[in-house]
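FYI, it's all coordinate maths here, none of it is from the lab. Note that the structure is a prediction, hence the values are computed from the model and not measured. As a convention, Cβ positions derive from the backbone with ideal geometry for all residues, glycine included, and neighbour counts pool all protein chains shown.
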Amino acid sequence: MRAKRSDSGGIAWFGLSTRARVIVYNKLKVQKSDADTYEKLADPKFKGKLCIRSGSHPYNLSLFGAMTEHIGPQQTEVWLKGLVNNMARNPAGGDTDQIKGVASGECAVAVTNTYYLARMMRSTNAADKALIEKVGVVFPNQSSWGTHLNIAGGAIAKNSKNQGNALKFLEYLASASAQNHFANGNNEWPAAKGLSFDNPALKAMSGGSFKSEVLPVSAVGMNQIKVQQMLDRVGFR
Ligand SMILES: [Fe+2]
């Protein structure tokens, strides 16, 4: 993978690693097929059973902005209202807290980024191991638009005084060895295609590969203000 010059003369940004925004469920309480799409999280059958962090967190603004692209703003607002109706508790904490809520039975389903899950799966802490045993993972929307991804990327500012070194650094981050660090050090999927990496947790949770959503990041970003307004209207904290 190489950095490219954009049409405007600057250097285009490019992705370095990805994390998937997945659904986790309590294996004793939920059938995987009942929670295999983002839409199903708003199903009244999950009333009082959903754990999710603040709607205004960038991970959720990104997911909800993507939903707006897929199903339109009106349906997205109805869906968000459904999520609020289903909440087991007011949004609080990070994604790991939502996973723990599912494991403890406080909630039956939750939304998390994959690296938090992988971190618990690879933990040598006995308490973490016991918790994660109770939790199943589903990569949502495999039969439709695919699972939402958060992307970490890099770029060089036009006014950078060290263009050459900055480019070398980005190319290093895209190299096989650095991409392996993203996979094994931070439990993320390397953005470089065709790279073999060895992270047992990532392989175990995804079964090796999965369908991911394809959307322009700019479109998702453009929806953020609209989404924040929807969150305010439906009372999603
Ligand atoms: Fe994070």
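For this structure, a couple of remarks:
- Exposure proxy ranking, count of Cβ atoms within 10 Å, fewest first, for 182, 64, 210: 210, 182, 64
- Residue 193/residue 167 FRET efficiency (R0 22 Å; Cβ-Cβ; nearest 0.05): 0.60
- Calculated mean residue ellipticity at 222 nm for the chain: -13000 deg cm²/dmol, from DSSP H runs with n ≥ 4 weighted as -39500 (n - 2.57), summed, divided by the residue count and rounded to 500.
- Dipole magnitude of the chain about its Cα centre (Cβ charges: Lys, Arg +1; Asp, Glu -1), debye to nearest 20: 180 debye
- 78, 227 arranged by Cβ crowding within 10 Å, fewest neighbours leading: 78, 227
- Taking other residues whose beta carbon is less than 14 angstrom from the beta carbon of residue 116, and scoring Lys, Arg as +1 and Asp, Glu as -1, yields +2.
- For segment 91-168, the spread of Cα positions along the three principal axes, ordered from largest to smallest, is 53, 36, 24 Å.
- Normalised alpha carbon radius of gyration of segment 186-225 [divisor 2.2 N^0.38 Å]: 1.54
- Within-11-Å neighbourhood charge of residue 132 [Cβ basis; K, R +1; D, E -1]: +4
- When each of 21, 237 is scored by the number of other beta-carbon atoms lying within 10 Å, the sequence from fewest to most is 237, 21.
- Cα-based shape type of segment 63-107, given that a ≥ b ≥ c are square roots of the gyration tensor eigenvalues and the cut on a/c is 1.5: prolate
- Relative intensity of segment 51-206 on a log10 scale, I(q)/I(0) at q = 0.10, 0.13 Å⁻¹, equals -0.47, -0.77, per a Debye sum over C-alpha point scatterers of equal strength in the absence of solvent.
- Cβ-derived FRET efficiency at R0 30 Å, residue 123 paired with residue 13, nearest 0.05: 0.35
- Counted charge near residue 47, where neighbours are those whose Cβ lies closer than 15 Å (Asp, Glu -1; Lys, Arg +1): +3
- Segment 29-98 and segment 135-173: distance between their alpha carbon centers, rounded to Å: 24 Å
- Taking a straight line from the alpha carbon of residue 29, these aspartates and glutamates sit under 14 Å away, with near neighbours fewer than eight places off in the same chain left out: 106, 133.
- Full extension of the chain segment joining residue 29 with residue 74 gains 13.1 nm, where the gain is 0.36 nm per residue of separation less the Cα-Cα distance.
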